[in-house]
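Below you'll find the structure, written out as structure tokens, and then a few comments.
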Amino acid sequence: MIPAPSPPEPAQLRLTRHAPGVHATARIRAIRAGDATALPTLTGDGPFDLRRARPHGDQARVCIVGAMSAPLGGDRLRIEATVERGAHLHLTTAAATIALRGPTTSHATYDVHLTVADDAGLHWLPQPLISAARSNLRQSCTIDLAPTARLVLREQIVLGRAGESPGRLATRLTVHRDGRPLLDQHTTYGPGAPAWDGPAIAAGHRAIGQILIVDPALDRQSPDARLISDNAEAGQAVLTPLAGPAILVTALAPDTLRLHRLLNAAHPIP
């Protein structure tokens, strides 16, 4: 006997059997082309819509526009950018990235991999990342720099939207220069993260940011460590030279407006 066909599965059951989540990758490759920087590779899918912006001198500029809500629980997102010898690339996002729970409680991942060759430069300046309540995101940024590469990186994190607690957020920034570790920073926030709201990490603030600058010129003249602001209520920032040549600015503030002011006071970025 031929068995009767099974009845169609309810949508909810199909969702359970097939893990939800978007898998998407954006790829960018910048090369030197005469007196300018060309972009022979500029592709994105899922939430990544890559737009060429007006170049600035010999620097190519790309804006990453969100084409859908992401990252949600279960999403696996990745950005890969390579800046080849002599090229200069400026990367940003059009709006803040909001981590949301989505249809599942499983974590989302958002991985950024950046490679910068000799005599090349990269500005990685995304808009803030907002960790919404009940979200669960693991974000990483891995950067490989050649000995004469230059980097300007700015990161901003907002722990919860207005009037809400943050979700679970784990971030990691790993930078290698000439194959050697320059910076390896791993921080967790939100439910289940030990002491994340204490004086060693957020200190009661909800906006956290940093600027990392790597430039061979800092080998000749590196600034001294200094406190940018000592007003604990309005926010605080400190500039620290690294065994680089690099400097790291770290800031805490009650909101994004004051965070931006602190970071801009430490190192203005056009």
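The values are calculated or read from the model by the stated rules, or taken from the named source; none is laboratory data. These figures come from a predicted structure and were not determined experimentally. Backbone-built Cβ (ideal geometry, glycine too); neighbour counts: all protein chains shown. Protein only, heavy atoms only, side chains kept; ligands, DNA and RNA dropped before computing areas. Shrake-Rupley method; radii C 1.70, N 1.55, O 1.52, S 1.80 Å.
Sort through LEU129, LEU125, LEU137, LEU145 and tell me the only one that's in contact (Cβ under 8 Å) with a residue 60 or more places away in the chain and over 28 Å from GLY34 (Cβ atoms).
After applying the criteria, what remains is LEU137.
I'm trying to understand the selection: among the residues of region 20-54, which are over 22 Å from LEU72 (Cβ atoms) and of a type in the set (Gly, Ala, Ser)?
ALA30, ALA33, GLY34, ALA36, ALA38, ALA53 - these are the residues of region 20-54 that are over 22 Å from LEU72 (Cβ atoms) and of a type in the set (Gly, Ala, Ser).
Which of (1) over 12 Å from the mean Cα position of the chain (by Cα); (2) closer than 23 Å to LEU72 by Cβ does GLN139 not meet, given it meets every other one?
Only one criterion is unmet by GLN139, namely (1).
Can you list the strands (runs of 3 or more DSSP E) lying wholly within region 31-133 that have 3 or more residues being farther than 23 Å from ALA170 by Cβ and of a type in the set (D, E, K, R)?
Counting at least 3 such residues, we get 48-56.
Output yes when any residue across region 72-80 is in contact with a strand residue (DSSP E or B) (Cβ under 8 Å, 6 or more places away or on another chain), under 30 Å from PRO216 (Cβ atoms) and of a type outside the set (A, V, I, L, M, F, W, C), and no when none is.
Yes: one or more hits.
Please specify each residue of region 155-182 satisfying the condition of being open to solvent by 80 Å² or more (accessible area, probe 1.4 Å) and not in a loop (DSSP other than H, G, I, E, B).
ARG168, ARG172, ARG180, PRO181
Can you name the number of the only condition in (1) over 17 Å from the mean Cα position of the chain (by Cα); (2) at pLDDT 90 or above that ASP230 fails?
For ASP230, the exception is condition (2).
Taking ASP75 as meeting all but one of (1) open to solvent by 40 Å² or more (accessible area, probe 1.4 Å); (2) within 17 Å of the chain's Cα centre (by Cα); (3) among the charged types (D, E, K, R), write down the number of the exception.
The one condition ASP75 does not meet is (1).
Provide a single number: the residues in region 237-270 that are part of a helix (DSSP H, G or I) and either modelled with pLDDT of 90 or more or farther than 30 Å from ALA146 by Cβ (or both).
9
Can you say whether ASP215 is of a type in the set (Asp, Glu), under 25 Å from SER131 (Cβ atoms) and touching a Lys or Arg at 6+ places or on another chain (Cβ under 8 Å), as far as the supplied structure shows?
no
Which one of GLY46, GLY86, GLY73, GLY66 is at pLDDT below 95 and either under 19 Å from LEU114 (Cβ atoms) or touching a Gly at 6+ places or on another chain (Cβ under 8 Å) (or both)?
Result: GLY73 is the single residue among GLY46, GLY86, GLY73, GLY66 that is at pLDDT below 95 and either under 19 Å from LEU114 (Cβ atoms) or touching a Gly at 6+ places or on another chain (Cβ under 8 Å) (or both).
Please find, among THR25, THR37, the residue that is at pLDDT 95 or above, under 26 Å from ALA108 (Cβ atoms), open to solvent by less than 100 Å² (accessible area, probe 1.4 Å) and β-branched (Val, Ile, Thr).
THR25
Any residue in region 37-63 that's among the aromatic types (Phe, Trp, Tyr): show its pairings with residues that are surrounded by 13 or more Cβ atoms within 10 Å (Cβ to Cβ) and assigned to a strand (DSSP E or B) at Cβ separation under 9 Å, as long as the two are six or more apart or on different chains.
That search, which allows pairs on different chains as well, returns PHE48/ALA24; PHE48/THR25; PHE48/ALA26; PHE48/ILE64; PHE48/VAL65; PHE48/GLY66; PHE48/LEU77; PHE48/ILE79.
Condition test on LEU227, is it out of contact with any His (no Cβ under 8 Å at 6 or more places or on another chain), free of Cβ contacts under 8 Å to residues at least 24 places away in the same chain and at negative phi?
Judged against the criteria, LEU227 is a match.
Here's the yes/no breakdown for (1) open to solvent by 50 Å² or more (accessible area, probe 1.4 Å); (2) outside any strand (DSSP E or B); (3) not polar (S, T, N, Q):
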residue: ASP184; (1), (2), (3): yes, no, yes
residue: ALA193; (1), (2), (3): no, yes, yes
residue: TRP196; (1), (2), (3): no, yes, yes
residue: ALA202; (1), (2), (3): no, yes, yes
residue: ILE208; (1), (2), (3): no, no, yes
residue: LEU218; (1), (2), (3): no, yes, yes
residue: ASP224; (1), (2), (3): yes, yes, yes
